[in-house]
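Quick one: the structure is below, and I'll ask about it shortly.
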Amino acid sequence: MAESFGLMFENGGSDSRVILDSEYTRLNTIYSGTYAPNGANNIAQVNFPSPITTQEQPFVFIRPNAADGVIGMLPVVYGTPGNWTGFGVGWYNKYSVLPAGKWFAAGFGASPISDYGMRLLLPVENTIFDSGMPSAHFVRSTNTWRYTGYDYDPQGLTRSYFVAPFYLEEGEYVLINNMYMPLIQSSVVSSRSLYLTWDYPGKQLIAVTVGTTGPIYLGIPVMIGKQSN
């Protein structure tokens with residue numbers, strides 16, 4: 001909350017969350033749509049209508065379609081700082097459900113898109129709020145991974161398995177940005193790969209790390225977000 005003149009909306013509940021402040025940008029939806037397999041190896045590739053030009057990655061959220069099985073959730077964000085062009089979601093193996101669902105990409109700041117409504121600008125005339133842009137916000141997170149064991153892949157690398165309770169309420173999406181980063185090993189100069197699937201009937205995420213050694217702890221937080229008008 002800014003301690004200066006301007007405009008502020010505060011949540012009417014007991015938590016007194018600041019919904020809108022004239023001095024700070026909020027997280028807004030930039031693009032949204034659906035994804036389905038359309039690339040090599042059944043990857044769902046999405047190109048943004050135009051590149052997102054922020055230095056930091058846009059927050060990309062997905063909501064996989066309900067399925068009677070294990071859903072592939074192997075994501076990647078395409079582009080470089082100042083030129084983020086899209087993202088992709090892959091499947092884990094031939095036994096997992098092909099990736100399909102809804103998505104939205106969000107970032108801090110706004111674009112002047114409304115003909116009517118309300119708009120807030122910084123003194124340098126950067127738009128920080130436009131009533132025509134849906135806002136996005138984080139609603140909860142979890143980091144309750146449970147180690148369930150390991151095995152070896154055909155190359156002899158160690159696959160370690162973790163599960164965490166997971167479900168999505170109506171209108172909720174899961175952030176993918178932190179789900180595809182290499183996991184740096186603490187004792188050697190190498191990294192582990194991370195693979196993620198959603199056991200939809202079992203209401204749990206399954207994380208698989210692959211590397212030369214197997215960890216027994218996973219610290220990746222699962223972040224859940226929603227859109228609102």
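So how much accessible area does Arg63 have, in Å² to the nearest 10, using a 1.4 Å probe?
Roll a 1.4 Å probe over it and Arg63 shows about 50 Å².
Give, in nm to one decimal, the length gained when the segment between Leu157 and Gln57 is fully stretched (0.36 nm per residue of separation minus the Cα-Cα distance). Show your work: numbers first, answer last.
Details: separation 100, 0.36 × 100 = 36.00 nm, distance 3.06 nm.
Going from the current span to full extension adds 32.9 nm.
Show the residues, 5+ positions off or on another chain, whose built amide H is closer than 5 Å to the amide H of Val97.
Placed amide hydrogens put Val70, Ile71, Gly72 under 5 Å from Val97.
What three numbers, in Å, describe the spread of the alpha carbons of the range 44-94 along their principal axes, ordered from the longest?
39, 18, 17
Grab the beta carbon distance between Thr213 and Val76, set R0 = 22 Å, and tell me the FRET efficiency rounded to 0.05.
Step by step, r from the Cβ atoms, then E = 0.35.
Turning to a different aspect of this structure: Rounded to a whole number, what % of the accessible area of the range 38-84 do carbon and sulfur atoms account for, probe 1.4 Å?
Whole-percent figure for carbon plus sulfur exposure: 49.
The values are calculated or read from the model by the stated rules, or taken from the named source; none is laboratory data. Quick caveat, the model's predicted, so the values are computed rather than measured. Note that each Cβ is placed from the backbone with ideal geometry, even for glycine, and that neighbours are counted across all protein chains shown. Heavy atoms of the whole protein, side chains included, go into the accessibility calculation; ligands, DNA and RNA do not. Shrake-Rupley method; radii C 1.70, N 1.55, O 1.52, S 1.80 Å.
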